[in-house]
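Reviewing the structure listed below.
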Amino acid sequence: AQKVTQAQTEISVVEKEDVTLDCVYETRDTTYYLFWYKQPPSGELVFLIRRNSFDEQNEISGRYSWNFQKSTSSFNFTITASQVVDSAVYFCALSEARSNYQLIWGAGTKLIIKP
Amino acid sequence: EAQVTQNPRYLITVTGKKLTVTCSQNMNHEYMSWYRQDPGLGLRQIYYSMNVEVTDKGDVPEGYKVSRKEKRNFPLILESPSPNQTSLYFCASSLSSQGGQVTEAFFGQGTRLTVV
């Protein structure tokens with residue numbers, strides 16, 4: 001069963017548009033962690049955010065914001081005023097105690113920002 | 001500088017020729033793991049290690065071996081590589097433990113392996 005679902009395989013927007021990447025997860029643990037990573041065309045994996053299950057506060061970092069909603073098991077990521085440099089594949093991941101905190105990855109969303 | 005170092009970055013080899021991809025971290029992390037990334041399949045865990053001399057299979061362990069003799073190193077061994085192991089490989093380390101302290105995973109730069 002898919003534990004982390006990123007339903008959007010690819011999204012294409014024009015620069016300066018806002019874009020939201022969806023992430024839905026499944027877990028029976030009460031303690032778990034959620035992550036977002038960015039993989040630019042150069043291939044490395046860049047950590048963006050970690051959120052634990054007890055902290056439902058939304059987070060904003062510059063043009064990036066994250067909306068964590070336990071009621072809908074979602075951890076969505078929004079880029080405001082997108083830029084070409086935001087073009088990348090974005091991964092959502094889950095880490096839960098019952099799986100020895102292994103990272104369980106979504107399939108990724110390829111984001112294309114057109115100039 | 002905190003980092004995870006993988007070598008080599010690129011490797012082309014022939015079927016059946018044993019190879020090792022090295023991975024080293026300088027953050028004293030307990031948890032290390034190996035992933036492979038294939039188009040359309042995302043990242044899949046091969047093996048992980050929760051501490052020295054403690055390793056366990058991930059989702060796709062067949063054809064791979066690992067060892068964790070020291071905390072900082074976690075090599076990935078392909079005893080007899082086959083073309084279906086052509087992939088992009090990542091090593092990662094983190095502070096995650098059964099004690100519940102979980103940090104983000106730090107990733108190496110990746111190793112692009114081609115088996116012909």
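Data for the structure
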{"quantity": "Which listed residue is more than 13 Å from chain B (Cβ to nearest Cβ) and at pLDDT below 95, from A:E17, A:E44, A:E59", "calculated": "A:E59"}
{"quantity": "Test: residue in region B:42-51 that is on the phi < 0 side of the Ramachandran plot, at pLDDT 95 or above, within 15 Å of the chain's Cα centre (by Cα) and of a type in the set (K, R)", "calculated": "no"}
{"quantity": "Residue match in region B:56-76 (condition: among the hydrophobic types (A, V, I, L, M, F, W, C) and either within 13 Å of chain A (Cβ to nearest Cβ) or touching an Asp or Glu at 6+ places or on another chain (Cβ under 6 Å) (or both))", "calculated": "yes"}
{"quantity": "Qualifying residue in region B:66-77 (condition: more than 15 Å from B:L19 (Cβ to Cβ) and hydroxyl-bearing (S, T, Y))", "calculated": "no"}
{"quantity": "Entirely in region B:1-105, the strands (runs of 3 or more DSSP E) that have 3 or more residues that are surrounded by 12 or more Cβ atoms within 10 Å (Cβ to Cβ)", "calculated": "B:4-7, B:19-25, B:31-38, B:42-51, B:54-57, B:76-78, B:87-94"}
{"quantity": "Residue among A:I113, A:I104 that alone is β-branched (V, I, T) and more than 14 Å from chain B (Cβ to nearest Cβ)", "calculated": "A:I113"}
{"quantity": "Which numbered condition A:N76 fails, given (1) under 12 Å from the mean Cα position of the chain (by Cα); (2) under 28 Å from B:S49 (Cα atoms)", "calculated": "(2)"}
{"quantity": "Scan of region B:52-78 for residues that are at negative phi and either touching a helix residue (DSSP H, G or I) at 6+ places or on another chain (Cβ under 9 Å) or among the aliphatic types (A, V, I, L, M) (or both), ordered by number", "calculated": "B:V52, B:V54, B:V60, B:Y64, B:V66, B:L76, B:I77, B:L78"}
{"quantity": "Sole exception among (1) within 14 Å of chain A (Cβ to nearest Cβ); (2) modelled with pLDDT of 95 or more; (3) in contact with a Ser or Thr (Cβ under 6 Å, 6 or more places away or on another chain) for B:I12, by number", "calculated": "(1)"}
{"quantity": "Set B:Y47, B:Y31, B:Y35: member being in contact with a strand residue (DSSP E or B) (Cβ under 9 Å, 6 or more places away or on another chain) and more than 10 Å from chain A (Cβ to nearest Cβ)", "calculated": "B:Y47"}
{"quantity": "In region B:1-23, the residues that are within 11 Å of the chain's Cα centre (by Cα) and of a type in the set (A, V, I, L, M)", "calculated": "B:V4, B:V21"}
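The values are calculated or read from the model by the stated rules, or taken from the named source; none is laboratory data. Fair warning: this is a prediction, and the values are worked out from it, not measured in the lab. Because the Cβ atoms are built from the backbone with ideal geometry, glycine has one as well, and the counts that use them run over all protein chains shown.
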